[in-house]
Amino acid sequence: MSINFPLLLVLAVLISGALVLLDLLVLGPRRRAAVAEYEGSVGQPDQSVVDRLNKEPLLVEYGKSFFPVLAIVLVLRSFLVEPFQIPSGSMKPTLEVGDFILVNKFAYGIRLPVLDTKVIEVGEPQRGDVMVFRYPSDPSINYIKRVVGLPGDHIRYGSDKRLFINGAPIPEQLLGKAPGVLGNAVLYKEQLGDVEHLIRKESRRNAEPSHEWVVPEGHYFMMGDNRDNSNDSRYWNDPLIADEMQGMVPDENIVGKAFAVWMSWPEPKLQNLPNFARVGLIH
C-alpha cells in the first residue's frame, strides 16, 4: 500500500494551522483573561501561578512549532522543487539507480497539491525533457522518462532500433561500449530536439518489429534512455484506456521536469555511502 505523502502533508498543515488559529482566537484570550482576573484579585501575584494560567496546552505548543516548518515544506514541495530517488535503470546512462534528483514543479504549470489541478499555465513539456509523471495505469506510482513525442507527432520505432519522429530519423552517433559492460551494451549520442544526450542499447538483444503511434492532443509519448530496458510508452497497454491513448501520458499526470542530480546512494545502502560524484544538471 503506497503512502499518499502530499495528502498527509496537507492534512498536517491544516491540523497544525487550525491549532494555531484556535489558540489565537479562543484559547489565548481565555488565558489572558484568567491571568488578568487573578492579578486583580490579589495584592501581590505569584509568578508561578501566572505562568501556570498562561501556559499553552501541549497540542498548541506542537502546532505552533510545526506549522511554519510544515507550511514551508508544503509550498516548496508543491509549487517549487520536489526530491525523488531513481529506483531503476531505465534512464541509464543519464540517471543511475540510487540517484537523488530535483524536479521543477512549476516548469509545466502551477498545480494544486493533492488535486493536481493546473491553475496557472507556465510552460509545456519540450522534446528531450526528462519528466516525472504519474504512471497512467496506476497514478500512485511515479515514473521518470524522456519526452519523445509531443501532441500531434507521428512516432515510429524501427526494427533497427532507430527512432523516427514525423518521418525523420533522430540523429544518433555511436560512441562505443557502455562502461563496465563486456560487449553487450553500447552508448550513442542522440539529438532529440534541442537536447543532446546519451542513450544505451543492448547489442545482443534482438530488435522488435516496427511500431507506430500518433500522439493525441494533451498527451506525451515517453521513452527511457536505456532503450532495451525501459517500461515506457512503447509497451503500456491498459484495457481501461482507449486504443488511441495507449502508452500516452496525459497532461494531468505530469509532476514536473527533472533538472539536477544532487546526490547518489547506490544499492545496497548498508554497504555503500552517499556520494556526490554525479552531482550536476540533467540533460
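What the table shows:
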{"item": "Amide proton proximity set for residue 228, modelled H, under 5 Å, gap of 5+", "result": "202"}
{"item": "Cα gyration tensor shape of the stretch 184-248, rounded if a/c is under 1.5, else prolate or oblate by comparing a/b with b/c", "result": "oblate"}
{"item": "Contour minus Cα-Cα distance for residue 3 and residue 204 (0.36 nm per residue)", "result": "68.4 nm"}
{"item": "Estimated translational D of the stretch 86-281 in µm²/s (Stokes, Kirkwood radius over Cα pairs; 10 °C; 1.306 mPa s)", "result": "90 µm²/s"}
{"item": "Lys pairs, the stretch 139-283 - Cα-Cα below 12 angstrom, 8 or more residues apart or on other chains", "result": "4"}
{"item": "Mean separation of Cα contacts under 8 Å (6+ apart) over length of the chain, as relative contact order %", "result": "19 percent"}
{"item": "Translational diffusion coefficient (Stokes-Einstein; Kirkwood radius from C-alpha pairs) of the stretch 5-79 at 37 °C, 0.692 mPa s, in µm²/s", "result": "234 µm²/s"}
{"item": "Under 17 Å from the Cα of residue 55 - lysines, other chains or at least 8 residues apart", "result": "64"}
{"item": "Contour excess over end-to-end distance, with Cα ends at residue 117 and residue 55 and 0.36 nm allotted per residue", "result": "18.1 nm"}
{"item": "Segment residue 272-residue 170, length gained on full extension (0.36 nm per residue, minus Cα span)", "result": "32.9 nm"}
{"item": "Mean residue ellipticity (222 nm) of the chain, computed from DSSP H runs ≥ 4 via -39,500 (n - 2.57), nearest 500", "result": "-6500 deg cm²/dmol"}
{"item": "Whole-Hz ³J(HN,Hα) from phi, Karplus 6.51 cos²θ - 1.76 cosθ + 1.60, for the stretch 22-34, glycine and proline x", "result": "4, 5, 5, 9, 10, 5, x, x, 5, 5, 5, 5, 5"}
{"item": "Point-to-point label distance, residue 47-residue 212, nm (Cα→Cβ direction, 7 Å offset)", "result": "8.7 nm"}
{"item": "Alpha carbon centroid spacing (whole Å) that separates the stretch 106-153 from the stretch 157-198", "result": "24 Å"}
{"item": "Table column - 3J(HN,Hα) (Hz), the stretch 196-210, Karplus curve with 6.51, -1.76, 1.60, x for Gly and Pro", "result": "9, 8, 9, 10, 10, 10, 8, 6, 9, 8, 5, 6, 8, x, 5"}
{"item": "Given the chain, longest segment not containing exposed loop chymotrypsin sites (Phe, Trp or Tyr not before Pro) (DSSP; at most 15 other Cβ within 10 Å)", "result": "1-234"}
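No lab work stands behind these numbers, since they all come straight from the coordinates. Here the structure is a predicted model, which means the values were calculated and not measured. Glycine gets a Cβ as well: all are built from the backbone with ideal geometry, and neighbour counts include every protein chain shown.
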